[in-house]
């Protein structure tokens, strides 16, 4: 397993280095309990992971990641349904025609789930929908051999699940407090 990772890194060290840098930014995103800070860190993450996918010659994933970054930034400014619809149509119209392999559908599905989550949900529900999108992305990243992408999405699964638990526990503790 480790030798396979070294082979992937040796085949494209620049792309894999950029992916590992995205890993650090992405972990910082999903530890945020604030929805706004999560959105801003996701914006930075998407820009860097998009570059990684571009360098990995996965243009559909790069496009979806960059669009997700713009979407994350915009969702920190407005959650209007028309803006969400614009991003959904954009990813479908521009992304679907570029699909050349079945695995690439997962980037479209993951991006769609993330878009809905950022514009229509908040708190735990937002993070649960993002978790479903993460499952799509981690599957895609393993399939294309992206070390950084697979590590980050796998870590997102863990960190986001942990943050969901922390938010749930916080909600439970607050509901158990006697009324003042």
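Each reported figure results from applying straightforward, stated rules to the coordinates on display, with no laboratory input. Keep in mind that this is a model prediction, so the values were computed, not measured. Please note: Cβ atoms are built from the backbone with ideal geometry, for glycine as well, and neighbour counts cover all protein chains shown.
Percent of Cα-Cα pairs more than 25 Å apart in region 14-156, please.
16
Specify the angular offset, from 0 to 90 degrees and rounded to the nearest 10, of the alpha carbon long axis of helix 123-144 from the longest principal axis of the alpha carbons in the chain.
Taking the Cα atoms of the chain, the angle to 123-144 is about 10 degrees.
Calculate how steeply helix 35-55 sits against the longest principal axis of the alpha-carbon atoms of the chain, using the helix alpha-carbon long axis, and give the answer as 0 to 90 degrees to the nearest 10.
That works out to roughly 10 degrees.
Return the calculated 222 nm mean residue ellipticity for the chain, to the nearest 500 deg cm²/dmol, obtained by summing -39500 (n - 2.57) across DSSP H runs with n ≥ 4 and dividing by the residue count.
Computed ellipticity for the chain at 222 nm equals -28000 deg cm²/dmol.
With just the Cα atoms defining each centre, how far is region 117-149 from region 34-79? Give it in Å.
12
Relative contact order of region 14-156: what whole-number percent is it, with Cα pairs under 8 angstrom and at least 6 residues apart?
Numbers: 207 pairs, mean separation 39.1, N = 143.
The normalised contact order for region 14-156 reaches 27 percent.
Output the 0 to 90 degree angle, nearest 10, between the alpha-carbon long axis of helix 13-30 and the longest principal axis computed from the alpha carbons of the chain.
0
For residue 79, put the label point 7 Å out on the Cα→Cβ axis and report which residues of region 140-172 keep their amide N under 18 Å from it.
Output list for this probe position: 164, 167-168, 171.
Starting with the fewest neighbours, write out 119, 45, 165 ranked by other beta-carbon atoms found within 10 Å of each beta-carbon.
Arranged by neighbour count, lowest to highest, 119, 45, 165 become 165, 119, 45.
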